[in-house]
Amino acid sequence: MSTLLVTGGAGFIGSNFVRQALERTDHDVLVLDKLTYAGNLASLEDLPSDRFRFERGDIADADLVARLVGGLDPATDAIVHFAAESHNDNSLEGPRPFIDTNVVGTFTLIEAARRRDIRFHHISTDEVYGDLELDDPGRFTELTAYRPSSPYSSTKAASDLLVAAWVRSFGLRATISGCSNNYGPFQHVEKFIPRQITNILRGRRPKLYGTGRNVRDWIHVDDHNSAVLAILERGRIGETYLIGADGERDNLDVVGTILEVMGRDRDAYDLVGDRPGHDLRYAIDASKLRAETGWAPGTTDFREGLARTVEWYRANEAWWAPQKDATEARYAEIGR
Ligand code: NAD
Ligand code: TDX
């Protein structure tokens with residue numbers, strides 16, 4: 001039986017990936033996660049204990065990583081690397097953990113992977129390309145030049161470049177994927193969509209940065225993860241694949257839709273101060289992924305995917321309530 005070593009498997013996308021991989025494939029899963037403020041073991045409850053193991057630890061801990069990678073079989077196993085510091089606002093307040101985890105942590109993993117010739121998949125983001133003008137007819141492709149804006153996106157860009165260099169210089173058997181903004185269950189309440197849903201559930205108003213005109217290209221987390229599985233199965237070594245589901249919307253529209261789905265007036269939100277360096281627009285052209293792997297998203301109706309997500313947060317207050325007050329206290333400190 002083959003094993004996937006999933007880093008960051010207690011986070012939002014990683015935990016959804018673990019569930020999908022156990023349901024849709026016959027791989028065993030070993031999660032390596034440090035359980036930072038963003039990691040939550042409650043996101044990994046009720047998994048089959050004969051196929052799932054959890055190890056708490058830091059991806060930048062070379063001895064631990066060497067031990068875990070030492071247990072993998074180069075013929076059948078793979079590392080799927082989700083672990084990261086992932087929130088732009090935090091990276092503006094304190095960039096150091098972003099360097100340690102996103103850069104040094106990725107370096108530590110690819111060193112271990114190349115020594116044992118283990119297949120490696122690196123999870124990255126569309127933010128490495130910077131932003132687009134609102135009226136730019138183009139979208140990001142795998143050939144777009146890197147132009148990251150924030151400490152977060154610059155460390156993700158650095159990690160992509162390390163992986164690409166390890167492919168070229170050391171023959172690391174790696175692929176990279178760059179996905180757009182994810183939404184769905186188990187996302188930390190610091191992020192845009194769950195923050196607004198849980199604000200409304202708590203009787204507070206949603207908070208939009210700046211003018212609310214910034215555009216993100218939304219994809220359901222299960223579609224991100226089905227694309228990662230498709231790349232693991234059918235992607236070409238050394239290639240980068242952008243993942244997106246043609247879901248461009250401005251933040252005003254997203255908040256209006258959340259309010260409507262939750263039975264409130266579309267304009268019952270507050271505008272707050274803007275994020276420094278706030279990227280204007282992201283947009284993904286996923287034709288390479290679709291053509292080479294046959295992947296297509298399952299959720300194409302954003303409003304329907306959002307309504308399911310609202311229901312999940314309504315039904316799972318015990319999962320998010322412990323994080324909510326501390327998260328809002330951090331936002332209050334920075335006036336957002
Ligand atoms: P998240 O913040 O919800 O989860 C990150 C996980 O990594 C947590 O469980 C945390 O405990 C763990 N972690 C952090 N530092 C670690 C370390 N040093 N060692 C071991 N584990 C550590 O993040 P997410 O939103 O699930 O993002 C997962 C990946 O997907 C990241 O690489 C992110 O850059 C990328 N990504 C996210 C999005 C998005 O919309 N959220 C979009 C594109 C790409
Ligand atoms: O309260 C808010 N109000 C608001 O208007 C928050 C938290 C955000 N925003 C805006 C900022 C962005 O324009 O909403 C948009 C989305 O914000 P985030 O959820 O912080 O995501 P973003 O900065 O776009 O980055 C996300 O997508 C790419 C993930 O957090 C990254 O990990 C991923 O790489």
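The values are calculated or read from the model by the stated rules, or taken from the named source; none is laboratory data. What you see is a predicted model, and the numbers here were worked out from it, not measured in a lab. Cβ atoms come from the backbone with ideal geometry, glycine included; neighbour counts cover every protein chain shown. Ligands, DNA and RNA are stripped out before the accessible areas are found, and what is left, the full protein with its side chains, is counted by its heavy atoms. Shrake-Rupley method; radii C 1.70, N 1.55, O 1.52, S 1.80 Å.
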* With respect to V254, is the statement that it is within 16 Å of ligand 1 (Cβ to nearest atom), modelled with pLDDT of 95 or more and within 29 Å of P148 (Cβ to Cβ) true? -> yes
* Do we find that H121 is surrounded by fewer than 20 Cβ atoms within 10 Å (Cβ to Cβ), outside any helix (DSSP H, G or I) and within 12 Å of ligand 1 (Cβ to nearest atom) in this structure? -> no
* To do: Would you confirm whether any residue within the range 163-183 is assigned to a helix (DSSP H, G or I), away from ligand 2 (no atom under 12 Å from the Cβ) and open to solvent by less than 10 Å² (accessible area, probe 1.4 Å)?
  => yes
* Asked: Which is open to solvent by 10 Å² or more (accessible area, probe 1.4 Å) and within 16 Å of ligand 2 (Cβ to nearest atom), of L92, L35, L68, L64?
  -> L92
* Are there any pairs, at least 6 apart or on different chains, whose C-beta atoms fall under 6 Å, with the first in the range 235-261 and on the phi > 0 side of the Ramachandran plot and the second open to solvent by 20 Å² or more (accessible area, probe 1.4 Å), and if so, which? -> G238/V167
* helices (runs of 4 or more DSSP H) wholly inside the range 254-336 containing at least 1 residues that are under 22 Å from N214 (Cα atoms) -> 302-315, 317-333
* To do: Tell me, please, whether a residue that is β-branched (V, I, T), assigned to a helix (DSSP H, G or I), out of contact with any strand residue (DSSP E or B) (no Cβ under 9 Å at 6 or more places or on another chain) and open to solvent by less than 30 Å² (accessible area, probe 1.4 Å) can be found in the range 222-232.
  => no
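Let's see how each residue does on (1) in contact with an Asp or Glu (Cβ under 7 Å, 6 or more places away or on another chain); (2) in contact (Cβ under 8 Å) with a residue 60 or more places away in the chain:
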| site | (1), (2) |
| --- | --- |
| V272 | no, yes |
| D279 | yes, yes |
| I284 | yes, yes |
| A291 | no, no |
| G294 | no, yes |
| R303 | no, no |
| E311 | no, no |
| D325 | no, no |
| A329 | no, no |
* Asked: Looking only at residues in the range 20-49 that are part of a loop (DSSP other than H, G, I, E, B) and within 14 Å of ligand 1 (Cβ to nearest atom), which one is nearest to R67 (Cα to Cα)?
  -> K34
* Asked: Out of (1) more than 13 Å from ligand 1 (Cβ to nearest atom); (2) of a type outside the set (V, I, T); (3) touching a residue at least 40 places away in the same chain (Cβ under 8 Å); (4) part of a loop (DSSP other than H, G, I, E, B), what's the single condition that is false for S86?
  -> (1)
* Asked: Which of the residues belonging to the range 251-278 are open to solvent by less than 70 Å² (accessible area, probe 1.4 Å), over 25 Å from A332 (Cβ atoms) and not β-branched (V, I, T)?
  -> D253, G263
* Of the residues R330, R281, which is basic (K, R), open to solvent by 60 Å² or more (accessible area, probe 1.4 Å) and either touching a Leu at 6+ places or on another chain (Cβ under 8 Å) or within 16 Å of ligand 1 (Cβ to nearest atom) (or both)? -> R330
* **Residue match in the range 127-148 (condition: under 23 Å from G8 (Cα atoms) and surrounded by fewer than 22 Cβ atoms within 10 Å (Cβ to Cβ))** => yes
* Check D246 against each of (1) within 16 Å of the chain's Cα centre (by Cα); (2) under 25 Å from D131 (Cβ atoms); (3) open to solvent by 50 Å² or more (accessible area, probe 1.4 Å) and name the one condition it does not meet. => (1)
